[in-house]
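See structure below.
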Amino acid sequence: MNKILVIKHSALGDIILATAPFAAIRQAHSQAHIVLLTTKPYAQLLEKSGYFDEVWVDTRPKLYQVASLYKLIKKISDAGFERVYDLQTSSRSSLYFHLFPKKPEWSGIASGASHCHNTIERTSLHTIERQKQQLSVAGINNVPTPCLDWLTADISQFNLPEKYALLVAGGSPHRPEKRLPAEGYGKFANWLVGQGITPLLIGTQAESEVITEIEQACPQAINLLGKTNFAEIAELARNATLAVGNDTGPIHIIAATKCPVLVLFSKFSNPDLCAPRGDNVSIIRKTHLAELDLHEVENWAKNVIAKG
């Protein structure tokens, strides 16, 4: 096959988990010209991956924006893709299939697709297993684990101490129920300081309130609010003693670098479906994270520190 399209719009955690099927598709079509259709926040990130010859940005026009939608579909259709791997498997990406005037081979969930992934259990599978199964239907059976060796950065500007830990205390602004309260992170940050480890606070401006509260509780913490991009988070993780965070995108980046990481889940998300994977990943799940006994986190950290 000469031209392949891969569709993956978001979100960050899903993007990181999708690096495994990205690699598998590239390996299976080593001589093909592969284009990724994604959204703006992830275009620059995935251009660095080496999996794609081109990265296109999908502005995701509304259905009533007929001219923009037509322009997008025409661009995709005119490119002459022989096969499409729809890894987003959303109603939008399935709609694209139905709007193609001439249907290419299609791996996804769209009705009528040549390689339709319509197994009964697909919605109950972890993202990794689900995408492996989808690719298997399309004839790709060798899917590696997510790897971010290609995502590197210079972090010398942060002038970091020898021993530090990453705390990812934020998350989606509209999903506060998925977060451990700032008070808990503040207490754990002070515990880390007692172990000779400096806490580094990672987040975006949307999480300024929670990170400011942690910094006030633990003045020794280093506040990197809004100062890190995806590549810098990965590099920070490679040199960190450990990391603790909520179920949020940056924790997937950290997990994929093999940094020892503890991910905190509440009842509002299911680790069986979406958690980072790896021997370096540990998970604690509580109905509500406010109920979490911090001794559990400290005991996990003690074991990591002891292993050195």
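FYI, it's all coordinate maths here, none of it is from the lab. Not measured: the values here are computed from a predicted model. No Cβ is skipped: glycine too gets one built from the backbone with ideal geometry, and neighbour counts run over all protein chains shown.
Principal-axis analysis of the Cα atoms of the chain puts helix 19-28 at an angle of about 40° to the longest axis. Counted by neighbouring Cβ atoms within 10 Å, the residues THR204, THR19, THR198 run from fewest to most as THR204, THR198, THR19. In the elastic network of the chain, a GNM with C-alpha springs shorter than 10 Å, the most mobile of ILE73, ILE222, ILE202 is ILE73.
Considering only Cα-Cα distances, which of the following residue pairs are longer than 29 Å: LYS71/LYS132; LYS103/LYS267; LYS103/LYS178; LYS48/LYS74; LYS75/LYS178? List each step's numbers first, then the result.
Working: LYS71/LYS132 32 Å; LYS103/LYS267 41 Å; LYS103/LYS178 40 Å; LYS48/LYS74 27 Å; LYS75/LYS178 39 Å.
Result: LYS71/LYS132; LYS103/LYS267; LYS103/LYS178; LYS75/LYS178 exceed 29 Å.
Against the chain, whose longest principal axis comes from its Cα atoms, helix 208-217 is set at around 20 degrees. Among ILE16, ILE254, ILE140, the largest mean-square fluctuation in a Gaussian network model of the chain (Cα springs under 10 Å) belongs to ILE140. Across region 3-137 the C-alpha pair distances fall into 5 Å bins from zero in the proportions 2, 10, 22, 25, 22, 14, 5, 1 percent.
Convex hull over the Cα atoms of region 212-308, averaged projected area in nm²? Show your work: numbers first, answer last.
Details: hull surface 27.3 nm².
Approximately 6.8 nm², given one-decimal rounding.
For semi-axes √(5λ) of the Cα gyration tensor in Å, the value calculated from this model appears in (1) 31, 24, 22; (2) 45, 23, 17; (3) 38, 19, 18 under label (3). For the pair LEU99 and ASP279, the difference between a 0.36 nm per residue extended length and the Cα-Cα distance amounts to 60.5 nm. Quick check for you: which residues of region 236-256 have the amide N under 15 Å from the point 7 Å beyond the Cα of ARG175 toward its beta carbon? Answer for this model: 245-253. Go ahead and set up a Gaussian network model of the chain, Cα springs under 10 Å, then flag whichever of LYS163, LYS71, LYS286 fluctuates most. Its mean-square fluctuation being the largest, the pick is LYS71. Taking a straight Cα-Cα cut-off under 18 Å and skipping sequence neighbours fewer than 8 places away in the same chain, the aspartates and glutamates within cross-link reach of LYS8 are GLU47, ASP53, GLU54, ASP58, GLU82, ASP86, GLU105, GLU129.
Model label points for GLU47 and ALA153, set 7 angstrom from Cα along the Cα-to-Cβ axis, are 1.6 nm apart.
Based on other C-beta atoms within 10 Å, arrange PHE22, PHE268, PHE230 from fewest to most. Spell out each step's value before the answer.
Working: PHE22 25, PHE268 14, PHE230 22.
Ascending Cβ contact count within 10 Å gives the list PHE268, PHE230, PHE22.
Ranking GLU213, GLU207 by Cβ neighbours within 10 Å, fewest first, what do you get? The partial results should precede the final answer.
Details: GLU213 16, GLU207 23.
Neighbour counts put them in this order, fewest first: GLU213, GLU207.
With Cα atoms defining each centre, region 1-49 and region 285-301 are spaced 36 Å apart in the structure. Computed from Cα atoms, the angle from the helix 127-137 axis to the main principal axis of the chain rounds to 20 degrees. Note on the chain: with charges restricted to the Cβ of Lys and Arg (+1) and Asp and Glu (-1), its dipole about the Cα centre is near 920 debye. Only helical runs count toward this figure. For the chain, summing -39,500 (n - 2.57) over DSSP H runs of n ≥ 4 and dividing by all residues gives -11000 deg cm²/dmol at 222 nm.
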